[in-house]
Amino acid sequence: MSDTARAHPPRPRRQRADAQRNRLRLLAEADKAFQEQGTEASLEKIARSAGVAIGTLYAHFPNRRALLSALLRDRHDALFALGDDLLAATPPPPAFDQLTRWMRAVAEHGAGYSGLAEELLGSHEDKGSELHAACARLSAAGSTLTARAHAAGAIRPGITPDDVFALISAASWLRTRTRDDAQAERLLTVLFAGLRP
């Protein structure tokens with residue numbers, strides 16, 4: 001290798017402008033389809049609506065979970081930031097408030113698309129996916145907040161992090177079914193009250 005090549009390693013290739021446009025169109029059409037039909041919406045129809053072949057969709061997103069991960073990346077980053085803020089707050093808010101604020105945010109996230117809560121749960125088996133990594137990070141924050149609530153005597157002794165995630169999934173499912181914010185909030189209030197000792 002020449003000295004020039006060593007001094008100036010090759011730059012990573014940038015995506016062509018048309019490929020970037022295709023990716024953005026696919027994400028926009030996927031978001032629209034998932035909002036209207038849930039996470040099981042046809043990928044073929046998404047590709048067709050974006051004006052590309054299904055092979056182009058798979059070139060950008062090898063499977064449904066990869067497409068979901070790309071759509072959810074910013075939302076996951078916001079949840080990670082919330083978890084970090086709650087865990088690092090000085091002085092910390094009451095442990096029950098920390099836990100329920102986090103649960104509410106994750107439940108609202110899971111209700112973003114019908115079927116999303118199930119996809120998030122299903123990603124636990126897909127250890128190589130970005131969706132799995134995001135869920136693992138959310139799970140770690142939830143486990144820590146649950147442990148804090150236990151230490152403060154703020155929740156019932158028998159409640160486990162798995163219970164908390166099951167309740168979040170149920171709240172997400174109910175929110176996608178009601179589509180009534182006041183009703184969803186009432187159900188969350190009942191759910192949170194059930195956590196108390």
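The values are calculated or read from the model by the stated rules, or taken from the named source; none is laboratory data. What you are looking at is a predicted structure, and each value in this text was computed from that prediction instead of being measured. When we count neighbours, we look across all protein chains shown, and the Cβ atoms used for this are built from the backbone with ideal geometry, even at glycine. The area values use the complete protein model at the heavy-atom level, side chains included, leaving out ligands, DNA and RNA. Shrake-Rupley method; radii C 1.70, N 1.55, O 1.52, S 1.80 Å.
Checking each residue in the range 105-138 for being more than 20 Å from ALA66 (Cβ to Cβ) and out of contact with any helix residue (DSSP H, G or I) (no Cβ under 6 Å at 6 or more places or on another chain) picks out only GLU108. Out of the residues in the range 178-197 that are open to solvent by 60 Å² or more (accessible area, probe 1.4 Å) and modelled with pLDDT of 85 or more, state the one that is farthest from the chain's Cα centre (by Cα). The extreme case among them is PRO197.
Can ALA107 be described as at pLDDT 95 or above and either more than 17 Å from the chain's Cα centre (by Cα) or of a type in the set (Gly, Ala, Ser) (or both)? In short, no. Within the range 124-135, residues that are within 15 Å of HIS76 (Cβ to Cβ) reach partners that are of a type outside the set (Phe, Trp, Tyr) and assigned to a loop (DSSP other than H, G, I, E, B) with beta carbons closer than 7 Å, at six or more positions or on different chains, in the pairs HIS132/ASP126.
From ASP18, ASP77, grab the single residue that is out of contact with any Pro (no Cβ under 9 Å at 6 or more places or on another chain), assigned to a helix (DSSP H, G or I) and open to solvent by 70 Å² or more (accessible area, probe 1.4 Å). Let's see the steps before the verdict.
Values: ASP18 fails: open to solvent by 70 Å² or more (accessible area, probe 1.4 Å).
Testing whether each residue is out of contact with any Pro (no Cβ under 9 Å at 6 or more places or on another chain), assigned to a helix (DSSP H, G or I) and open to solvent by 70 Å² or more (accessible area, probe 1.4 Å) leaves just ASP77.
Residues in the range 115-131 include none that are open to solvent by less than 10 Å² (accessible area, probe 1.4 Å), within 20 Å of ARG186 (Cα to Cα) and of a type outside the set (Lys, Arg). Pairs linking a residue in the range 168-190 that is closer than 15 Å to GLY38 by Cα to a residue that is surrounded by 13 or more Cβ atoms within 10 Å (Cβ to Cβ) and among the hydroxyl-bearing types (Ser, Thr, Tyr), with Cβ atoms under 9 Å and 6 or more positions apart or on different chains, are TRP173/SER114; THR176/TYR113; THR176/SER114; ARG177/SER114. The set of residues from the range 34-59 being out of contact with any Lys or Arg (no Cβ under 8 Å at 6 or more places or on another chain) and either at positive phi or among the hydroxyl-bearing types (Ser, Thr, Tyr) (or both) comprises GLY38, SER42, THR56, TYR58.
Flag not set for ARG175, criterion: open to solvent by 50 Å² or more (accessible area, probe 1.4 Å) and basic (Lys, Arg).
If the condition is being over 20 Å from ARG175 (Cβ atoms) and assigned to a helix (DSSP H, G or I), then the range 84-102 contributes ASP84, ASP85, LEU86, LEU87, ALA88, ALA95, PHE96, ASP97, GLN98. If only residues of the range 33-68 that are within 21 Å of the chain's Cα centre (by Cα), surrounded by fewer than 14 Cβ atoms within 10 Å (Cβ to Cβ) and not in a helix (DSSP H, G or I) are counted, the one that is modelled with the highest pLDDT is SER42.
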